[in-house]
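Asker: One structure is given below, represented as structure tokens, and several questions about it will come after.
Bear in mind these aren't lab numbers, they're just calculated from the coordinates by the rules spelled out. Owing to the predicted nature of the structure, the values given are computational and were not obtained by experimental measurement. Backbone-built Cβ (ideal geometry, glycine too); neighbour counts: all protein chains shown.
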Amino acid sequence: QNKEFIKTWVEGKVGVIQLDRPKVLNAINTSMVREIVETAESFDREDDVMVIVIRGDERTFAAGADIDEMAEVDAVTMELRNQFTDWDRLAIVKKPMIAAVTGYAFGGGFELVLCCDMVFASENAQVGFPEVKLGVMPGAGGTQRLTKLVGKTKALEWLWFGDAKPASEAYDLGVINRLFAPEVLFEETMKVAHRLSEQAPISVRLIKESVNKAVDYSVYEGMQYERKNFYMLFATEDQKEGMAAFKEKRKPHFKGK
Ligand code: HXC
């Protein structure tokens with residue numbers, strides 16, 4: 001069912017979340033974050049959904065967190081509001097999340113993009129963290145996630161000046177997986193999402209979990225995690241099916257069990 005600040009639907013095995021505040025370039029208020037998180041969690045629990053796509057409208061992804069909502073707030077209110085626990089919930093969604101980026105992904109919009117596992121963008125998109133120009137900084141993981149992706153020196157230059165980078169530059173830095181012409185971005189993103197939704201479901205989720213550990217842990221700790229997940233896949237019917245299909249020279253039929 002549709003919410004106030006987002007639209008949601010399912011196509012095949014792909015759950016789509018569309019940010020929907022066009023009048024303010026999809027500025028993300030705390031209620032929108034709550035709606036995104038609750039929808040992502042419900043897709044995460046839904047057996048028929050395998051992949052989640054987060055998108056803006058044709059014009060823009062999101063021009064940041066809602067400045068109107070933040071302008072007059074003091075530090076104690078921020079602490080008590082504790083809004084980032086909602087963002088934390090997004091980071092533990094187990095199914096793949098793909099961002100489809102049009103127009104601007106700035107500030108909180110870029111943080112939402114960086115919460116996703118793969119990023120597809122239109123060639124005319126722009127991404128960045130303009131917070132420094134407002135006298136603040138990213139607060140939903142942006143400094144951490146960007147630095148892990150592009151390294152310290154590139155991250156600092158980007159964050160200190162708050163410049164918007166064209167999608168092509170973000171692509172070169174490894175922040176964006178693939179660029180598409182604006183008119184085919186959503187279609188192409190959905191093609192990739194549909195393809196991913198046909199992969200062995202438990203492999204896909206355990207690969208995501210293991211890769212995330214590579215980012216968060218030391219290599220040794222991450223490898224212990226990977227090993228456990230590798231062993232665990234041998235408890236699934238899909239592993240038996242996948243290997244039997246290979247030997248029988250046919251396509252595997254995965255059931256997510
Ligand atoms: C609230 C916003 C907004 C935002 C745009 N609008 N961004 N409202 N919060 N982040 C509103 C404008 O006020 C305007 O409303 C309408 O959307 C259209 O925007 P314009 O500025 O007229 O459009 P344009 O000239 O095309 O410029 C686009 C833009 C600019 C370059 C993206 O809007 C802009 O610089 N926006 C702010 C970007 C930003 O600083 N983001 C970071 C926010 S801080 P009216 O009513 O005038 O039509 C942040 C912290 C994250 O994200 C913390 C963790 C969550």
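Asker: Normalising by the residue count of region 84-171, find the relative contact order in percent from Cα pairs under 8 Å and 6+ residues apart. Please list the in-between numbers first.
Answerer: Details: 123 pairs, mean separation 26.5, N = 88.
Computed value for region 84-171: 30 percent relative contact order.
Asker: Measure out, as a whole number of angstrom, how far apart the alpha-carbon centroids of region 213-242 and region 1-47 sit.
Answerer: Cα centroid to Cα centroid, the span is 30 Å.
Asker: What residues have an amide H closer than 5 Å to that of residue 28, excluding those fewer than 5 places away on the same chain, when H is modeled at 1.01 Å from N in the peptide plane?
Answerer: 64, 65, 66
Asker: Using only the alpha-carbon atoms of region 3-136, report the extent along each of the three principal axes, biggest first, to the nearest angstrom.
Answerer: 43, 35, 24
Asker: Give me the aspartates and glutamates in straight-line cross-link reach of residue 3: C-alpha distance below 12 Å, same-chain residues under 8 apart excluded.
Answerer: Here the aspartates and glutamates satisfying the reach criterion relative to residue 3 are 20, 35, 38.
Asker: What nm distance separates the two modelled labels at residue 253 and residue 72, each placed 7 Å from Cα along Cα→Cβ?
Answerer: For the pair residue 253/residue 72, the computed spacing is 6.3 nm.
Asker: Right, another one. Indicate, rounded to the nearest 5 percent, the antiparallel portion of the DSSP beta bridges found entirely in the chain.
Answerer: On the way: 8 of 29 bridges.
Of the beta bridges lying entirely in the chain, close to 30 percent run antiparallel.
Asker: If you don't mind, there's one more thing I want to ask. Quick check on region 147-257: take the gyration tensor over C-alpha atoms, sort the square-rooted eigenvalues as a ≥ b ≥ c, and tell me if it's rounded (a/c under 1.5), prolate or oblate.
Answerer: oblate
Asker: Still on this structure, please answer the following. Would you mind getting the Kirkwood hydrodynamic radius of region 80-207 from its Cα pairs, rounded to one decimal in Å?
Answerer: Numbers: mean 1/r = 0.0651 Å⁻¹.
Kirkwood radius, region 80-207: 15.4 Å.
Asker: When a/c reaches 1.5 or more, the comparison of a/b and b/c decides; with that in mind, is region 129-197 rounded, prolate or oblate per its Cα gyration tensor? Spell out each step's value before the answer.
Answerer: Numbers: a/c = 2.26, a/b = 2.06, b/c = 1.10.
Note, shape of region 129-197 comes out prolate.
Asker: Separate question: Please say if region 47-88 is rounded, prolate or oblate, where rounded means a/c under 1.5 for a ≥ b ≥ c the square roots of the C-alpha gyration tensor eigenvalues, and otherwise the choice is prolate for a/b larger than b/c and oblate otherwise?
Answerer: Working: a/c = 5.65, a/b = 1.58, b/c = 3.58.
Oblate.
Asker: Continuing with the same structure: Could you state, as a whole-number percent, how many of the C-alpha pairs of region 1-65 are farther apart than 20 Å? Working shown, then result.
Answerer: Working: 482 of 2080 pairs.
For region 1-65, the share of Cα pairs beyond 20 Å comes to 23 percent.
Asker: For region 62-136, what Kirkwood radius comes out of the mean inverse Cα-Cα distance, in Å?
Answerer: That comes to 13.7 Å for region 62-136.
Asker: Oh, and also: List the aspartates and glutamates whose alpha-carbon lies under 17 Å from that of residue 251, not counting same-chain residues fewer than 8 positions away?
Answerer: The reachable aspartates and glutamates, counting only those whose Cα sits under 17 Å from residue 251, are 198, 237, 238, 241.
Asker: Here is a further query. Arrange the peptides 94-100, 195-201 so that the one whose residues have, on average, the most other Cβ atoms within 10 Å appears first.
Answerer: With the highest mean Cβ count within 10 Å placed first, the list reads 94-100, 195-201.
Asker: Set the bar at 30 Å for Cα to Cα. Now go through 23/152; 13/154; 165/255; 165/191; 7/228; 23/208 and name every pair that lies beyond it. Please list the in-between numbers first.
Answerer: Numbers: 23/152 35 Å; 13/154 37 Å; 165/255 42 Å; 165/191 26 Å; 7/228 37 Å; 23/208 35 Å.
Exceeds cut-off: 23/152; 13/154; 165/255; 7/228; 23/208.
Asker: A follow-up question, please. Can you pull the three principal axis extents for the Cα set of the chain, in Å, largest first?
Answerer: Sorted largest first, the three principal extents are 63, 40, 37 Å.
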